[in-house]
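A.B. asks: This is the structure I have questions about; it appears just below.
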Amino acid sequence: MSFEIIERFGDHEEVVFCNNKDVGLKAIIAIHNTTLGPALGGTRMWNYKSDEEALVDVLRLSKGMTYKAAAAGLNLGGGKAVIFGDPKKDKTEAMFRAFGAFVNSLGGIYITAEDVGTTVKDMEYIFMETPYVTGIPKAFGGSGDPSPYTAHGVLMGIKAAVKEKFNSDSLKGVAVAVQGLGNVGSHLVDYLVAEKAVVSIADIDQAKVKAAQNKYDLKVESPDDIVTSECDIFAPCALGAVINDKTIGQLKCKAIAGGANNQLHEARHGKALAELGILYAPDYVINAGGLMNVFVELEGYSAERAIDKTTQVYDNLMEVFAIAKETGSTTEDSANELAERRIKNIGNLRRHHQGRMSRPFSTLKEMTNRQK
Ligand code: NAD
């Protein structure tokens, strides 16, 4: 059964089932592709209803990480882990340390991080057993909260969309509608205001709307209306599937460029956007700033270098837009094409120069040197 599911998702290099009854740990680590470097992806803790549900989730997410890292231009592969259980009730130090021991046994081909249901504290326990973990506290050489870096990458993505759509290098006077004022959205608003964009906002949490209004004079939309409001750029920074059958016919933006994951309900909505002439910045390309931030952590962290790294989102997106124009495909398909091209080209290079290239695993040396 498991093999059928693994094959359905294609071409994973390794899928590891972790079991430690003594501490109640049941987990799966999926390593999709390590052509470009060690597979990096967070550990999700979730009350999965079945083994199959967990396996499908980890296979899907790990493959997504391969594409995200490749399109971001990072020397990282794609992987992900899932732990079975209720994050509110079932966590223990022993469970996470046992999980850390499993990660360690893979010798650095998989590097973990926080994800839904796991926290910095959990990463700290994992770090007690293995150096192959990111998102640990700053005191241990970690990079802390990735959101400001994700937001800076999104700002760069909005600049790329404005360049592509309006042939302009400035955000001054550009109307940007930000949906969601959480970790990413609130930082994005700060950046946009500094660039003199005309920002409108919405959040279902009125306290967050008030906090933004206390800082700036911004137009507030209702959470229902922001998606279809009149603007140049719609920046989804809340939930997924915001571009769906219900919203697509009512959109009044010229481009969509925001930080949320899985913005398109289905792939066909990407095609529909292209037909409407609305430029779409593929979510996994524009929101890669957080991943770039942890990549910098692997090489010895510096906040300045992390911010600098996130400016690369601009070039990555311009390349995606260029492929879309050249091939006539959607920007989403073009992003996949960019990622696949890079994996193929670098893979070929490695075959040719095997043994003479120091990367991609040299970053692991830095990791193993971190203070314990
Ligand atoms: P968050 O939970 O801090 O913020 C989400 C905000 O959206 C909350 O303030 C919530 O009240 C609001 N919201 C929810 N439903 C809404 C609605 N219908 N209308 C308006 N607002 C609504 O999450 P975050 O960390 O800021 O992440 C935002 C998105 O970006 C998520 O999709 C996340 O997966 C993605 N993302 C985040 C990061 C990161 O570094 N945090 C990295 C990559 C992708």
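A.B. asks: Hand me the list of helices (runs of 4 or more DSSP H) wholly inside segment 262-311 holding 1 or more residues that are open to solvent by 60 Å² or more (accessible area, probe 1.4 Å) and at pLDDT 95 or above.
C.D. replies: Ranges flagged: 267-276, 303-310.
A.B. asks: Residue by residue through segment 226-237, note down the ones that are more than 10 Å from the ligand (Cβ to nearest atom) and in a loop (DSSP other than H, G, I, E, B).
C.D. replies: Hits for segment 226-237 are 229, 230, 231, 232.
A.B. asks: Same structure, new question: Given the options 258, 240, name the one that is within 16 Å of the ligand (Cβ to nearest atom), buried (at least 18 other Cβ atoms within 10 Å of the Cβ), in the same structural domain as residue 186 (by TED's automatic domain parsing) and in a loop (DSSP other than H, G, I, E, B).
C.D. replies: 258
A.B. asks: Further question: Report yes if some residue within segment 101-109 is under 19 Å from residue 310 (Cα atoms) and assigned to a helix (DSSP H, G or I); otherwise report no.
C.D. replies: So far as segment 101-109 goes, no, none of its residues is under 19 Å from residue 310 (Cα atoms) and assigned to a helix (DSSP H, G or I).
A.B. asks: Okay, next question. Can you confirm whether residue 160 is touching a Ser or Thr at 6+ places or on another chain (Cβ under 8 Å) and either touching a residue at least 24 places away in the same chain (Cβ under 8 Å) or in the same structural domain as residue 239 (by TED's automatic domain parsing) (or both)?
C.D. replies: Taking the combined requirement at face value, the residue does not satisfy it.
A.B. asks: It is to be established whether one or more residues within segment 199-214 are open to solvent by 60 Å² or more (accessible area, probe 1.4 Å), at pLDDT 95 or above and closer than 24 Å to residue 169 by Cβ.
C.D. replies: No - not one qualifying residue is present in segment 199-214.
A.B. asks: Right, next: Name the residues in segment 10-48 that are of a type in the set (Phe, Trp, Tyr), buried (at least 20 other Cβ atoms within 10 Å of the Cβ) and part of a strand (DSSP E or B), would you?
C.D. replies: none
A.B. asks: Let me ask something additional. Taking only segment 179-223 into account, find how many residues are part of a loop (DSSP other than H, G, I, E, B) and more than 6 Å from the ligand (Cβ to nearest atom).
C.D. replies: 8
A.B. asks: Among the listed residues 107, 100, 117, 85, which satisfies the condition of being outside the structural domain of residue 282 (by TED's automatic domain parsing), closer than 23 Å to residue 343 by Cβ and of a type in the set (Gly, Ala, Ser)?
C.D. replies: Exactly one of 107, 100, 117, 85 is outside the structural domain of residue 282 (by TED's automatic domain parsing), closer than 23 Å to residue 343 by Cβ and of a type in the set (Gly, Ala, Ser), namely 107.
A.B. asks: Which condition does residue 179 not pass, out of (1) touching a residue at least 12 places away in the same chain (Cβ under 8 Å); (2) of a type outside the set (Phe, Trp, Tyr); (3) open to solvent by 50 Å² or more (accessible area, probe 1.4 Å), if it passes all the others?
C.D. replies: The number of the failed condition is (3).
A.B. asks: Going by the conditions given, is residue 154 closer than 21 Å to residue 320 by Cβ, crowded, with 23+ Cβ neighbours inside 10 Å and more than 13 Å from the ligand (Cβ to nearest atom)?
C.D. replies: no
The values are calculated or read from the model by the stated rules, or taken from the named source; none is laboratory data. Computed from a prediction, not measured in an experiment: that's the story for all the values here. Glycine gets a Cβ as well: all are built from the backbone with ideal geometry, and neighbour counts include every protein chain shown. These area figures cover heavy atoms from the full protein model, side chains too; ligands, DNA and RNA do not enter into them. Shrake-Rupley method; radii C 1.70, N 1.55, O 1.52, S 1.80 Å.
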